[in-house]
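Asks: Following this message is one structure expressed as structure tokens.
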Amino acid sequence: MRKRLKETAENYSFVLPALLMFGIFSVYPYIKVFQLSVYEWDGISAVKIFVGLQNFKDIFLYDNIWWQSLLQAGYITLLALVLQNCLALILALAVSRGIRAGHVYRVIFYLPPVLSGIVVGLIWSWIYDGNYGLFNHLLERIGLANLQRAWLADAKTALTSVAIIHMWKGFGWGFIILLAGLQSIPEELYEAARVDGASAWHRFRHITVPLMMPVFFLVSILTILGTMQIYDIIISTTMGGPGSHTEVPITRILFSMRGASRYGYACAQGIIFGVILITVAMIQLRFSRKTQQ
């Protein structure tokens, strides 16, 4: 008995450092967020005023910009789900079919996700610049000078421009996951379909799509969770402007903390945002299981 307890203690001692790290940097902050959400606190003073659910009430009833930021993040997410992932799938299909220098394209397509979001935002800010930006210069060269504008400073184009930056940076990781899924499909299935006279479209529809459904759902879940939490590109390009036309939930939480010095209110926003993300992920997982049955 003593020997078994000793072996158990030794086994747990190996995971204890990881458990301590997880508890200190994940569990404790998580609990603290819930605790602070029912207080009014400026983040500095020792005095915390208990307000109960007032912070949540203010968010639901009076904070229109918060809900606007959620809709704007949802708009970017929708574009990423459709355009970004379609581009990633097309490129993955091209590379999986053994095009020349395919290994080189794998490296090239995966470079944008590796780059810092701040660096990418700064580069694209220069490309979109209204005075000397590369994009406006290109429009002038092809005879579309009437379309020139300050893309990130115009309320009509700022959000879509930010979405394009995000999609350019993010399509590479979707490409890698989809490529791995495509390469896991046995080539014998395609060969049998060719022998039976199936066209490329029918092979894609009846072989690739059904077998890739779990991968499609994985990519879609990661896209939603990642895009809804977009932050660094916003900060390095528009800071949420012009006005609040590119505000997203993370920037609103940051503003509540550092701009308005309402840490309790920011924690309440974080809880609501977390519940929304968890709910969306659970709905997708449930739909994924039903589809695969």
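What follows is calculated from the coordinates using simple rules that are stated; it is not laboratory data. Note that this is a predicted model, so its numbers are computed, not measured. Please note: Cβ atoms are built from the backbone with ideal geometry, for glycine as well, and neighbour counts cover all protein chains shown.
Asks: Would a scan of the stretch 127-139 turn up a residue that is surrounded by fewer than 16 Cβ atoms within 10 Å (Cβ to Cβ), in contact (Cβ under 8 Å) with a residue 40 or more places away in the chain and aromatic (Phe, Trp, Tyr)?
Replies: Within the stretch 127-139, none of the residues are surrounded by fewer than 16 Cβ atoms within 10 Å (Cβ to Cβ), in contact (Cβ under 8 Å) with a residue 40 or more places away in the chain and aromatic (Phe, Trp, Tyr).
Asks: To continue, here is another question. Quick check on my filter: what residues within the stretch 258-274 are of a type outside the set (Ser, Thr, Tyr), in a helix (DSSP H, G or I) and more than 24 Å from the chain's Cα centre (by Cα)?
Replies: Those that are of a type outside the set (Ser, Thr, Tyr), in a helix (DSSP H, G or I) and more than 24 Å from the chain's Cα centre (by Cα): 259, 264.
Asks: Among the numbered criteria (1) under 26 Å from residue 284 (Cα atoms); (2) in contact (Cβ under 8 Å) with a residue 40 or more places away in the chain, which single criterion is violated by residue 236?
Replies: Residue 236 satisfies all of (1) under 26 Å from residue 284 (Cα atoms); (2) in contact (Cβ under 8 Å) with a residue 40 or more places away in the chain except (1).
Asks: With respect to residue 234, is the statement that it is under 27 Å from residue 58 (Cβ atoms), β-branched (Val, Ile, Thr), out of contact with any Phe, Trp or Tyr (no Cβ under 6 Å at 6 or more places or on another chain) and part of a helix (DSSP H, G or I) true?
Replies: Yes, satisfied.
Asks: In this structure, does residue 84 turn out to be touching a residue at least 12 places away in the same chain (Cβ under 8 Å) and in contact with a Gly (Cβ under 7 Å, 6 or more places away or on another chain)?
Replies: So residue 84 passes the test.
Asks: Check whether at least one residue in the stretch 275-288 is under 15 Å from residue 77 (Cα atoms), in a helix (DSSP H, G or I), within 15 Å of the chain's Cα centre (by Cα) and of a type in the set (Val, Ile, Thr), and report yes or no.
Replies: Among the residues of the stretch 275-288, at least one is under 15 Å from residue 77 (Cα atoms), in a helix (DSSP H, G or I), within 15 Å of the chain's Cα centre (by Cα) and of a type in the set (Val, Ile, Thr), which makes the answer yes.
Asks: Mind checking which pairs have a first residue in the stretch 65-80 that is closer than 11 Å to residue 230 by Cβ and touching a residue at least 12 places away in the same chain (Cβ under 8 Å) and a second that is basic (Lys, Arg) and crowded, with 17+ Cβ neighbours inside 10 Å, Cβ under 7 Å, 6 or more apart or different chains?
Replies: Here the result reads 69/252, each pair linking the stretch 65-80 to a residue that is basic (Lys, Arg) and crowded, with 17+ Cβ neighbours inside 10 Å.
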